[in-house]
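Worksheet: the structure to be examined is printed underneath.
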Amino acid sequence: MNTELQLTEVFSMLSMLAVGGGSAVLPEMQTLLERYFGFTQTEFVHAYSIGQLAPGPMMLTVLIMGEIIDGLKGGIIAGLAFFVPSSILCFSVGRLWRYIGERPWRRSLQMALEPLSIGLMCSAAYIIAKESIFNWQTAVVAVIVATLMLRTTINPVLLILGAAAIGFLGQIHG
Amino acid sequence: MTSKSQQAHTPYNVSILTIFREFLVVGGISFGGGLFAFLRNLMVDKRKWISNDEFVVMLSISQAIPGLNSVNLAVLMGDKLRGPAGSFVAALGLLLPGAILVLVIGIFYGVNRHHPMADHILAGIAAGAAGLFSTITWKTGEHTFHRLKSLLLIVFTFILMIVVKLPLYVILLIVLPIGLFVYRPSTQTVQDDKK
C-alpha cells in the first residue's frame, strides 16, 4: 500500500478513536506509527514535544509526524485525515443532539468517558516520560517544569523553551 | 454584531469572514494551551454569541464526541452561527496558524535532527514536555481521580493499554460499557452531578 493511503487510513482512524480529546489517542498513535512506518519512540516523543511550541490545539503535532514520515505532503495529509473525519462526525452529532435534546444518558455517557480518557492520558504520560527521562538531568528538568506548572501561571511555552535552553547549556545527551 | 438589540434575539447575522477572523486570532495567540479559556472568552464574553450555560452544554457535547474538544467546539459554534460553512471556517481558522508554524518547525527538525546541538535541545524539550504532560493529565483528571469508581476505571484502562497492550478500539469496547453501567442514569453520582 502506498504511504499516502496508509497515512490517511491511520490518522483518520485515530481521529475517530479520540474520545475525550486528542491526548487520549497518543499511546495508540505511537503503536500504529511504529508498526506501519517504523517510527521510533524517540521520533514520537520529539514530534510530540516540538508540537507543544505551536499555538492552537496541541494535537497539531500530528502534522510533524506526517512530515517526518512523508515530507510536507505527508504533514498535510496527516492533518486533514486527523481533523476532517471527527469534525464531520461532530457536526452531524451536534445537529442530532439539538434535535433530540437533553437525555439522562448524555450525562452518563460523559461520566463514563471521563475515566476512560484520563486513563488513556495517564498511559500517554507514561510513554512520554519513559522515553524522555533517562538520566538524573532529564528527571530534574521534568520535575522543575511540573512544579512550575502546578505552582505558578507561567506560560507552558516559556517552560518548554526554558527546558530546551537547559538541555543545550547542560549538554544533556539524548 | 452591530447593535445591542440584535444581540438579544437574533445574534446570528455574523459574516463568514468574521467567524474565520475571530477563530484565526484564537488559533494564533493561544500559545501553551488554555485554549478553552480563549474560546470561552471569544464566544461568551467578547462576541456574546452564546450564554455561559449554552457554552457548558456545547463543551460537554464536544467532549462526548471523538476528536479534539477545541476543534469540535469551533465546529458546533460555527454551525450555530452560519451552518456548514460557519463550521468549516471556524475549524480552519483555529487550526491554520498553529499548523503553518508546526510544518515550518518540522522542516527544521528534518534537516537538523542529527546535529549534536539539536540532540541536547530536543532532550531538554522532551524532558520538559514529560513534566508538562503529566501535570496537564493531573489537572484534567483531578475530580475524576477522587471518585473511587472512576479511579478504578482509570487504572483498568491504563493496564489494558500499557501492560496488556490491547488495540484502542478493543479497550473502548470493554471500558465504555462498564462505565455506562457504573454511571447509568439512575445512580446517585449522576443524579448529584446534575444539580
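The values are calculated or read from the model by the stated rules, or taken from the named source; none is laboratory data. None of the values given here were measured: they were computed from a predicted structure. No Cβ is skipped: glycine too gets one built from the backbone with ideal geometry, and neighbour counts run over all protein chains shown. These area figures cover heavy atoms from the full protein model, side chains too; ligands, DNA and RNA do not enter into them. Shrake-Rupley method; radii C 1.70, N 1.55, O 1.52, S 1.80 Å.
Here is a yes/no grid of residues against (1) assigned to a helix (DSSP H, G or I); (2) not hydroxyl-bearing (Ser, Thr, Tyr):
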position	(1), (2)
B:13	no, yes
B:18	yes, no
B:23	yes, yes
B:26	yes, yes
B:31	no, yes
B:37	yes, yes
B:42	yes, yes
B:50	no, yes
Matching entry among B:128, B:106, B:67 (being free of Cβ contacts under 8 Å to residues at least 12 places away in the same chain, outside any helix (DSSP H, G or I) and surrounded by 20 or more Cβ atoms within 10 Å (Cβ to Cβ)): B:67
Options A:92, A:12, A:86: the member that is in contact with a Leu (Cβ under 8 Å, 6 or more places away or on another chain), in a helix (DSSP H, G or I) and among the polar types (S, T, N, Q): A:86
Subset tally (residues that are assigned to a helix (DSSP H, G or I) and at the interface with chain B (Cβ under 7 Å from one of its Cβ atoms)) for the stretch A:43-60: 9
Candidates B:119, B:79, filtered to the one that is assigned to a helix (DSSP H, G or I), more than 23 Å from the chain's Cα centre (by Cα) and of a type in the set (Asp, Glu): B:119
Selection count where residues are farther than 19 Å from residue B:76 by Cα and facing chain B (nearest Cβ under 8 Å), scope the stretch A:77-103: 1
Answer residue from the stretch A:141-153, given it is open to solvent by 10 Å² or more (accessible area, probe 1.4 Å) and β-branched (Val, Ile, Thr) and is nearest to residue A:166 (Cα to Cα) among those: A:144
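For every residue, the table says whether it meets (1) at pLDDT 90 or above; (2) under 20 Å from residue B:72 (Cβ atoms); (3) in contact with a helix residue (DSSP H, G or I) (Cβ under 7 Å, 6 or more places away or on another chain).
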{"site": "B:2", "(1), (2), (3)": "no, no, no"}
{"site": "B:6", "(1), (2), (3)": "no, no, no"}
{"site": "B:18", "(1), (2), (3)": "yes, no, no"}
{"site": "B:30", "(1), (2), (3)": "no, yes, yes"}
{"site": "B:35", "(1), (2), (3)": "no, yes, yes"}
{"site": "B:39", "(1), (2), (3)": "yes, yes, yes"}
{"site": "B:43", "(1), (2), (3)": "yes, yes, yes"}
{"site": "B:48", "(1), (2), (3)": "yes, no, yes"}
Hey, residue B:76 more than 30 Å from residue A:134 (Cβ to Cβ), surrounded by fewer than 22 Cβ atoms within 10 Å (Cβ to Cβ) and facing chain A (nearest Cβ under 10 Å) or not: no
Residues that are within 7 Å of chain B (Cβ to nearest Cβ), small (Gly, Ala, Ser) and open to solvent by 10 Å² or more (accessible area, probe 1.4 Å), drawn from the stretch A:110-140: A:125, A:129
Counted residues, the stretch B:153-179 - those being more than 8 Å from chain A (Cβ to nearest Cβ) and without any contact (Cβ under 8 Å) to a residue 12 or more places away in the chain: 7
Subset of the stretch A:154-171 [more than 24 Å from residue B:102 (Cα to Cα) and either in contact (Cβ under 8 Å) with a residue 12 or more places away in the chain or buried (at least 18 other Cβ atoms within 10 Å of the Cβ) (or both)]: A:170
Hits in the stretch A:9-20 - residues which are open to solvent by 60 Å² or more (accessible area, probe 1.4 Å) and closer than 23 Å to residue B:70 by Cβ: A:13, A:16
